[in-house]
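The values are calculated or read from the model by the stated rules, or taken from the named source; none is laboratory data. Bear in mind that the values here come from a model prediction, so they are computed numbers and not experimental data. Protein only, heavy atoms only, side chains kept; ligands, DNA and RNA dropped before computing areas. Shrake-Rupley method; radii C 1.70, N 1.55, O 1.52, S 1.80 Å.
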Amino acid sequence: MNVNDFVILPGSKTGTSVRLKAKTVRELQLEKVQLERENKEMEKKLRQLQSNMSREKEERKKLSAYHWKSGQAGPMTIQARVLSQSKENNNKV
């Protein structure tokens, strides 16, 4: 008899265990292998994402001499007028 053939069920009394059927043990082992494989795939995807993001960050640093400029000039919105007037008032004080 193997210790791995027993499992403590959640919600059961402390120390109470149930012998697992051989089929259930095999299913759990297969599930474990599958989860490990999925975990490795996700780690690989994460590393790729991190490398892509760091590469893009470096590219942005190289292009930092260029700044985005707003679109077309047009009439100021009310909010922009209030903001510019408040800046002018602050400068006067």
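What to note about this one:
- Linear extension gain, residue 83 paired with residue 55, 0.36 nm per residue minus alpha-carbon span: 6.3 nm
- Computed lengthening from residue 31 to residue 47, 0.36 nm per intervening residue step minus Cα-Cα distance: 3.3 nm
- Compactness of the range 22-63 as Cα Rg over 2.2 N^0.38 Å, two decimals: 2.00
- Where the range 22-63 is the region considered: accessible area per residue in Å², 1.4 Å probe: 101 Å²
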